[in-house]
Amino acid sequence: MMIAIMRRAIAVTINGKRHSNEVEPRLLLIHYLRDVLGLTGPHIGCETSICGACTVLVNGKAIKSCTMFAVQANGADVLTIEGLASDGNLHPIQNAFWEEHGAQCGYCTPGMIMASKQLLDRNASPTEEEIRHGLEGNLCRCTGYQHIVNAVKSAAAKMGA
Amino acid sequence: MIAHPFDYLTPKSLPEALLLLADPDAKALAGGMSLIPMMKLRLAAPAKLVDLRGVPGLTSISEESGRLKIGALATHFDIESSRLVRAKCPLLAMAAAHIGDVQVRNMGTIGGSIAHADPAADYPAALQALEATISIAGVGGTRAVSAAEFFVDTFTTAVGPGELVVEVSVPVEAAGTGTSYQKCLQPASGFAIVGVAARLQAVSGNISMARIGVTGLSGCSFRANGVEALLESGSDPQAAAAAIANGIDANSDIHASAEYRLHLARVYAAKAIRAALAAAR
Amino acid sequence: MASVITEQEKLIGKGIKRKEDPRLITGTATYVDDMQLPGMHHACIVRSPYAAANIKSIDIKAALETPGVVAVYTGAAVKDVGPVPCGASLPGLRVPHHHILAQDRVYFVGHPVAVVVATDRYIARDGADLVEVDYDVLPAVADPEKALADGAPAVHPQWPDNVAFNFHQENGEVEKVFAEAEVVVKQRITSQRLIPSSMETRAVLAEYRSGEKALTIYSSSQIPHLLRTLVAGMLGVPEHKLRVVVPEVGGGFGSKLNVYAEEALMGWIAMKTGKPVKWIESRRENFLTTIHGRGHVDYYEIAAKKDGTITGIRLKLIQDLGAYHQLLTPAIPTLSVLMMPGLYRCQTICADIVGVFTNCVPTDAYRGAGRPEATHGIERMVDMLAAELKMDAAELRLKNFIQPGEFPFASATGLTYDSGDYAKPLKKALDIVNYMGLREQQRKARAEGRWMGIGMSTYGEICAFGPSPATPAGGWESASVRIEPSGKITVHTGVSPHGQGEETTFSQIVADELGVDFNDVVVLHGDTAIVQYGIGTFGSRGTAVGGTALYFALQELKAKIKRFGAMLLDTDSVVYEEGRCACRKTGNSVSLAEIAGASYRAMKLPPGTEPGMMATYFWEPPNFTFPFGAHIVVTEVDKETGVVTIQRYVAVDDCGKILNPLIVAGQVHGGVAQGIGQSLYEHGIYDDNGQLLTGEFMDYAIPKITMMPWIESEHTETPSPVNPLGVKGVGEAGTIGCSPAVVNSVVDALSPLGVRHLDMPLSPEKIWKVLQGGQA
Amino acid sequence: MKVTGSHLVPLDRARVYSMLQDPEVLAACMPGCEKLEKSGEDSYTMKMKMALAAISGQFDGKVSITDQNPPGSFRLLVEGTSKIGFMKGGGLLTLTTEGDATCVAYEGDVQVGGTLAAVGQRLIDATSKMMIKRFFEKLIAVQP
């Protein structure tokens, strides 16, 4: 079963910085980010593409980076939780998660925040139902989600203001 | 979590892709939403992955002589958010919006989904009701098959070895057509326990055309011809919906027994028919 | 709304935003898998696909030949390590020897059989596929009642009856009370197996420095110090040569209140290979091999007078233990027995537990640990009694509550309830929902043919574990406070928070007690090389016991501060206020930083006083605390599909004094979510052959954001006299209060159909069958 | 997971019965069967390649036939193990004459373990039905 597979050269722009590496085709994007580049903000919480802890934005779209091979991201622009704050200022969504106690153990939080970003990018003032629909792909076992809903509402209000 | 090693190929044209897929150890990769989880669990172990995303022209959504042509690599998000699809074929947009979650819809493609032919996927119900045509390309050329012919059995389609779904064509809905997709979802996976797509033409409540597509209920999506005939002959929606389960060997699992699934099919068929009727007005 | 606190004001009781969060919201926190050590190897474990089988042979040749594979070990190599410890002791308890890798037989699906060590995680996984294990499959049993039946396969051949222990407790004249009872209600009630599902799975990284003979284990755990003591014993490493570090932990819910085979195994591999080795549990492994919760079959009887006075409670409890005892497995059902009278005055109880081995992963502490099962039982029984007597469920509860003047109250099970006013939260909840109005609405709904239900639960908890004599490894907690020469403050706590926010609440306590800036306090935990011995975070004890230890350390420190202050001010009468020591006579004052600096320079010392500014306190709680509350749930059942919708969820919890309402709300919401999970969605299902049918998030539904109702969370505050902070604990309240309220509500909705009980989860199909007139 | 059903085979009962005991016929009809070798009285070892959608796996297995009661009934047990898990299917096959044809009714149990069981719960029923259907389609096709 062991076959020698050529490694592939990839170039990916991550949080505004270009990275070039040679990777095995089977290397998952999440492992590329975490193990190769040391961007350990996105987490791994399952293996069936359910939990969303590994959510990052690829070319502006939220995806589960455990369900994408790094080679598929060749040439793409990737944004992870580490790239969300700019010039040392927290993004309004990060601030809202802090203010509203949207995180407990924090494991789902980076994915949850990135999914929230996608949600607010597409809908600047979502209703509670739209918030819940938009975060359906992210599991949290700690918060019961209520403070997360509050955080997204609050971020929307601040970003719209 | 970790797939078997594979080689990764990136064709730049359709003929090149088809050439690569002629290798029986090669598997096409579109969005990967069905394939990659299987590979991570090592249930699937293709030796070669042929990434189709570099093949030009497979993502477009356009209108052409009364039909919408959806490229196989259009994502579920492209479809649910496309103004064209929402305006001219809302049933397809509605089915797309029911798939998985935001992240899955951002990556998953219509071609990949239907080629996988999961018995509980959402598109097949809509495509059956829409009498969609699916274009399948092979080295010998491209052929078109109807949705009814396309979905053969559990995980089995009309796509032959080395072939590729390249386009899905659906009708532009005529005035007076109402459609709806109603889904009872399994709370863990989000797959349909049953999903029913209804597509009706009605004038002042009289149904002149009925197309009902069903997913999740049995091993393969299907058209509920019995229900359609009843609706077209003036039967009331509730009574017609009740016929959906006739002669069906329903699936059974820990989430729903066959008996309950059959019941849900009747309930969701009635919901879909009522919603489609309301939309037709 | 939270705000950043800079000016000096009392912080206790305010919704201060958390100190922990900046690292969590920026993705810069460090969980075990975020760590990489030089030369680190990765381990992948080969596990049994069968629930019961003899291992005929294991062929590791192909795996070993894989480039990058460093070593492969099987049971033979680690025969002398261990066993995985059981910390609970019960008379006559049968304890199977729990090796860290299977020896000649496997006992449950997921049982570790071999481990592959490789230079990277991908190669380790490849290697694991190449280990060939030849099994001789044996019959298995996965259901505890079937395991007790004659002729059932023996999980452990040496104990053919599958009984691990029997436990009996009674109080009062049970036979007489039941014989003379005017009403007796009986019901079989199950609490299904649940899968804790912390979002971070288990994770272990071990490093051995041969020169120092020092082993460090990084693990995602709730109990760093206990883990150190027990793993040191398993590996034969002197305890002071083992350091356990618990970095950021992505949730535990009791599942990491344990010592697992893999923690010792990674330590052993690191010593054997001389290289660091990391093992990250996959989600599939987490479902199969991390402890499950619940697993009860309870046979209840409740005796009462016609006026509703509860006179006796009898329980036969069958506990599905799984194949082994993990750390506290057999102790969990005994907590159910302790809690069985609930908030009621009844003094006559009788309980019999039979602990049963099955070919499943062990059960152990999962959020609430024994108390949700007990609360579910008594609160269901009270509702059934109310129905039997045609009394209102709230009225029956109010009639039987222990009254405020009766505290401390000696319960029938030997506990001393600390304080309470049980009617208060119930009345508050009834007011919030407008109970009479709701009943009227229900009458109308029923007239329209809609199945609307109103359900309540009034729960009590045993929290703040606990007095040491009642806790297997000690129930005290420790804290040390150090004021650095610059005046900055470092707290070391023996608890191990992993989402509960004690870095924040403990900073609030310090800020208020010492009158210092909240931001000048750092709370450290989870490293046995840094922190004095501690017990850990579980059983709603972190703040109630750990916070109290901190409080007492602060009192000692304040006395020392005053001694230095008096010396510096050259007076014999000082007060310490708002971070300064002042002379009562002259009004002259010195700051805490000046005092701290002087204490370290030690040019001069107060009589009989050591240099430095540090205090350590080990606090032994005199009792548990007993939080309580009332939850009311309004549901509607869809007649066509059987789907239950929660229309309103009101929780009024009394967790004693509230230190941080924002954090308390978060704990309640999360607890309720897990209660709703159990009530409506979650069920760890094994088939008859011991295969876990709900083995991934594809089949096991923990609540998603779309499945949660809005929770209206309110409180009453009855301080606990057990500790000076007056706190009781809130980590488990939501879970304990939730499930009976939801089930009572749905049973209430369906009561016109003659439904009197439903077992969880209330799946649509189950309800639909009831609506069809079938059996629940 | 219980599986029950029946298929009509347009041959007489004795013929169908003997075909179903014939290893060559079984090998030709069992989906994915690559090799079937006699290992004892009415028992065989088998190599089988399962390919279903993206799922693929190489199974080593056993086939055994017991409780023969010709031409009316027998028990068939098929089991296979692979890296992706194991499958075990067994049950009673009852043959009854229906006109010129034979109705083969089956009533049995399908068990799946290992990784297959992790993701396959909702698919076991549909998949086993499909495999059985394919078996009978081939059985009808192989008749001389």
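The values are calculated or read from the model by the stated rules, or taken from the named source; none is laboratory data. Note that this is a predicted model, so its numbers are computed, not measured. Cβ placement follows ideal geometry from the backbone for every residue including glycine, while neighbour counts extend to all protein chains displayed.
From the list C:ILE462, C:ILE509, the lone residue that is aliphatic (A, V, I, L, M), crowded, with 24+ Cβ neighbours inside 10 Å and within 30 Å of C:THR329 (Cβ to Cβ) is C:ILE462.
Testing A:ASN15 on (1) at the interface with another protein chain (Cβ under 10 Å from one of its Cβ atoms); (2) within 13 Å of the chain's Cα centre (by Cα), one condition comes back false. Which one is that? Of everything listed in (1) at the interface with another protein chain (Cβ under 10 Å from one of its Cβ atoms); (2) within 13 Å of the chain's Cα centre (by Cα), A:ASN15 misses just condition (1).
Of all residues assigned to the range B:16-28, none qualifies as being assigned by TED's automatic domain parsing to the domain that holds B:GLU167, surrounded by fewer than 21 Cβ atoms within 10 Å (Cβ to Cβ) and outside any helix (DSSP H, G or I). Just one of the listed residues (C:SER496, C:SER486, C:SER507) is in a loop (DSSP other than H, G, I, E, B) and under 27 Å from the mean Cα position of the chain (by Cα), namely C:SER496. Against the numbered list (1) modelled with pLDDT under 95; (2) crowded, with 20+ Cβ neighbours inside 10 Å, A:GLY88 comes up short only at (2). Inspect the range C:130-137 for any residue being modelled with pLDDT under 95, assigned to a loop (DSSP other than H, G, I, E, B) and crowded, with 17+ Cβ neighbours inside 10 Å and give the result as yes or no. No, the range C:130-137 contains no residue that is modelled with pLDDT under 95, assigned to a loop (DSSP other than H, G, I, E, B) and crowded, with 17+ Cβ neighbours inside 10 Å. Criterion first (hydrophobic (A, V, I, L, M, F, W, C), surrounded by fewer than 24 Cβ atoms within 10 Å (Cβ to Cβ) and outside any loop (DSSP other than H, G, I, E, B)) does C:VAL770 satisfy it? Judged against the criteria, C:VAL770 is a match.
Among the residues of the range C:649-675, those identified as in contact with a Phe, Trp or Tyr (Cβ under 8 Å, 6 or more places away or on another chain) and either among the aliphatic types (A, V, I, L, M) or more than 14 Å from every other protein chain (Cβ to nearest Cβ) (or both) are C:ASP654, C:VAL672, C:ALA673. Against the numbered list (1) out of contact with any Lys or Arg (no Cβ under 8 Å at 6 or more places or on another chain); (2) not assigned by TED's automatic domain parsing to the domain that holds A:ASN15, A:GLU128 comes up short only at (1). If only residues of the range C:564-586 that are more than 21 Å from C:ILE509 (Cβ to Cβ) and aliphatic (A, V, I, L, M) are counted, the one that is surrounded by the most Cβ atoms within 10 Å (Cβ to Cβ) is C:VAL574. Only residues that are closer than 21 Å to C:ALA749 by Cβ and of a type in the set (Val, Ile, Thr): list them for the range C:379-430, please. Once the filter is applied, which keeps residues that are closer than 21 Å to C:ALA749 by Cβ and of a type in the set (Val, Ile, Thr), the range C:379-430 yields only C:VAL382.
C:LEU680 fulfils the conditions (1) within 18 Å of C:GLU712 (Cα to Cα); (2) in a helix (DSSP H, G or I) except for a single criterion, (1).
Scanning the range C:722-776 for residues that are away from every other protein chain (no Cβ under 14 Å), in contact with a Leu (Cβ under 8 Å, 6 or more places away or on another chain) and more than 30 Å from C:ALA464 (Cα to Cα) yields a count of 6. Out of the residues in the range C:146-189 meeting the condition of being charged (D, E, K, R) and not in a strand (DSSP E or B), tell me which one is surrounded by the fewest Cβ atoms within 10 Å (Cβ to Cβ). Checking each candidate, the answer is C:ASP150.
Each row is one residue, and each column tells you yes or no for (1) among the polar types (S, T, N, Q); (2) more than 14 Å from every other protein chain (Cβ to nearest Cβ).
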{"residue": "B:MET1", "(1), (2)": "no, no"}
{"residue": "B:ALA17", "(1), (2)": "no, yes"}
{"residue": "B:LEU29", "(1), (2)": "no, no"}
{"residue": "B:THR59", "(1), (2)": "yes, no"}
{"residue": "B:SER65", "(1), (2)": "yes, yes"}
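Kindly indicate the residue of the range C:111-129 that is among the small types (Gly, Ala, Ser) and within 14 Å of chain B (Cβ to nearest Cβ) and also surrounded by the fewest Cβ atoms within 10 Å (Cβ to Cβ) among those meeting that condition. Of everything passing the filter in the range C:111-129, C:ALA128 is surrounded by the fewest Cβ atoms within 10 Å (Cβ to Cβ). For C:ALA365, the conditions (1) surrounded by 21 or more Cβ atoms within 10 Å (Cβ to Cβ); (2) free of Cβ contacts under 8 Å to residues at least 40 places away in the same chain; (3) over 21 Å from C:GLU170 (Cβ atoms) all hold with the exception of (2). Among the residues of the range C:24-35, those identified as in contact (Cβ under 8 Å) with a residue 60 or more places away in the chain and out of contact with any Ser or Thr (no Cβ under 8 Å at 6 or more places or on another chain) are C:ALA29, C:MET35. Screening C:PRO703 on (1) more than 7 Å from every other protein chain (Cβ to nearest Cβ); (2) in contact (Cβ under 8 Å) with a residue 40 or more places away in the chain shows it passes everything except condition (2). Residues in the range C:493-552 that are out of contact with any Gly (no Cβ under 8 Å at 6 or more places or on another chain), touching a residue at least 60 places away in the same chain (Cβ under 8 Å) and under 14 Å from C:ASN660 (Cα atoms): C:GLU503, C:THR504, C:SER507, C:GLN508, C:ALA511, C:ASP512, C:PHE518, C:GLY547.
Quick check, is A:GLY45 surrounded by 24 or more Cβ atoms within 10 Å (Cβ to Cβ), modelled with pLDDT of 95 or more and at the interface with chain C (Cβ under 10 Å from one of its Cβ atoms)? Spelling it out, A:GLY45 is indeed surrounded by 24 or more Cβ atoms within 10 Å (Cβ to Cβ), modelled with pLDDT of 95 or more and at the interface with chain C (Cβ under 10 Å from one of its Cβ atoms). Here B:LEU43 qualifies as buried (at least 22 other Cβ atoms within 10 Å of the Cβ) and outside the structural domain of B:THR133 (by TED's automatic domain parsing). The residues of the range A:86-110 that are over 11 Å from C:THR26 (Cα atoms) and either facing another protein chain (nearest Cβ under 9 Å) or not small (Gly, Ala, Ser) (or both), listed by number, are A:ASP87, A:PRO92, A:GLU99, A:GLU100, A:HIS101, A:GLY102, A:ALA103, A:GLN104, A:CYS105, A:TYR107, A:CYS108. Taking residues in the range C:471-492 that are over 15 Å from C:TYR617 (Cα atoms), and partners anywhere that are of a type in the set (D, E, K, R) and in a strand (DSSP E or B), the pairs with Cβ atoms closer than 8 Å and at least 6 places apart or on different chains are C:ILE489/C:ARG482.
Filtering B:VAL85, B:VAL55 for residues that are among the β-branched types (Val, Ile, Thr), crowded, with 22+ Cβ neighbours inside 10 Å and either touching a residue at least 60 places away in the same chain (Cβ under 8 Å) or under 19 Å from B:SER180 (Cα atoms) (or both) leaves a single hit, B:VAL85. Residues in the range C:264-283 that are within 27 Å of A:ILE50 (Cβ to Cβ), of a type in the set (D, E, K, R) and touching a strand residue (DSSP E or B) at 6+ places or on another chain (Cβ under 9 Å): C:LYS278, C:GLU281. Output yes when any residue across the range D:114-128 is charged (D, E, K, R), within 14 Å of another protein chain (Cβ to nearest Cβ), within 11 Å of the chain's Cα centre (by Cα) and part of a helix (DSSP H, G or I), and no when none is. No, that holds for no residue. The residues of the range B:158-184 that are more than 25 Å from B:ARG67 (Cα to Cα) and surrounded by 18 or more Cβ atoms within 10 Å (Cβ to Cβ), listed by number, are B:GLY162, B:LYS183, B:CYS184.
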